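Right, one structure below, let's go through it.
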Amino acid sequence: MDLELLKKLLHNLLNTEVMIYDNDVRPLAAFEDTYCFQKALQPMFTANSLSYLLNSMNDTTFYELVDKLNVCLFFFRFDQKVFLIGPYVRTEYSDEKMQGILIKNKMPASYATSLRLYYTALPLLASCQIQRTVSACVMSFDPLFPEYSYRRLLGFQEEPGEPKTYQQDSIDYSRIYQRYHAENRLLKLIEKGEVESIIQAYEDMQEESASLIDLFLSPVYQSPISILRALARKAAERSGLSIITIDQITQKSVQRLSGTDNVRKQTQYCYEMLIELTTAVRDHLVNTRGYSSAIVKVVEYLSLNYTQNISMDALCQLSDYSSSHLAKIFKQETGRTMTQYIADLRCRQAAEMLRETNLPIQEISSYVGYTDNNYFVKVFQKVMGNTPSEYRTSAMQ
């Protein structure tokens, strides 16, 4: 039986990753490296846990694994082999829900950006859609195969112990930067008409796991809306807006569009993406007006890592300035010290959460980077003019 054909068929019909497991743990280790965002949130996405589950599963049961982030993995056995479909998500990304998950697990706000990028990069699928598709394909290969039952696995209970603390001073966004570098290279070559170089660029990019070529070959990319999204992304990038911010906005659009065939919804999603992207560009231009390119880089870095202990060495390397010169130039251009700038970022995030959520102030304090709640209250009052409690009361009136 041609199981590779079944694998390709499921991949094309569901537009998601499909893997065949044959008791070799190496693909599971690669899966963990690629798709396990955080072991504490996804204990079932580790190679050891998956190996245990796959070797103890029933032959005629569909399994759907759901982790704490509501990221799913679907697997089943057919012809003595195990097929893994995913990961995928069943609902659109929600900032409020993810903030709640991070706070519940005592993880700082600096995880929010990378978590959003991780979540929105996954396809949007319904479990019933996967079950119907797999059942139809299996029946086509073996009409006499028994009907599958269904079982959902909601996660493992972790061993009790001391509360975990998380430190993520250096979040790896290298794959995003690499993809944008490849796109810029291709656009420049097209603009110059360098055909031979384009061919070489195409061959080079086919070897990259997240290349522009992969996007063009995907079903989602075969539409005018996708071309518009790509052009809008490039326009935003030329404005100087952080590519991390751009990717957060456009990745969400990709996911939402992949979840519907309704033209009206697609048009609405595209409109919302353009508004959100344009607003982000406007805010960026207002907030960095008059800044040198070095200070723009520093401001971008601070906006992504403001809840962590910022390394001056990292900022100096980013700006090519000494620490004393950087502090001087930063104060001249922004009108604030870096400590004041970071406090403003933290307090603005806290103020938004005070207005829009009912979370306890102490949890908000920890989320935005202050382990000492009393110190947070003092800083917030200095920046915002009110204590957090007074601010929340005033906002509710």
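Of the two radii for segment 44-156, the radius of gyration is 1.03 times the Kirkwood radius, both from the alpha carbons; that is the Rg over Rh value.
Relative to the compact-globule estimate of 2.2 N^0.38 Å, the Cα radius of gyration of segment 4-76 comes out at 1.10.
Only alpha carbons enter this Debye calculation for segment 241-294, each as an equal point scatterer, and the log10 of I(q)/I(0) it gives at q = 0.27 Å⁻¹ is -1.02. Along its three principal directions, the equivalent ellipsoid of segment 245-347 from the Cα gyration tensor extends over semi-axes of 35, 14, 11 Å, largest first. Summary of packing: across the peptides 18-31, 44-57, the per-residue average of other C-beta atoms within 10 Å ranks them, highest first, as 44-57, 18-31. Packing-based ranking of 136-149, 278-291, 321-334, 119-132 yields 119-132, 321-334, 278-291, 136-149, ordered from highest to lowest mean Cβ neighbour count within 10 Å. Checking the cross-link pairs 8/252; 39/68; 68/97; 8/81; 68/104; 39/104 against a 18 Å limit on the alpha carbon distance flags 8/252 as lying beyond it.
Note on residue 267 and residue 96: the extension gain reaches 59.1 nm, defined as 0.36 nm multiplied by sequence separation minus the Cα-Cα distance.
Each value in this text was obtained by applying a stated rule to the coordinates, not by laboratory testing. Because the structure is a prediction, the values reported are computed rather than measured. Heads up, the Cβs are rebuilt from the backbone with ideal geometry, glycines too, and the neighbour counts pull from every protein chain shown.
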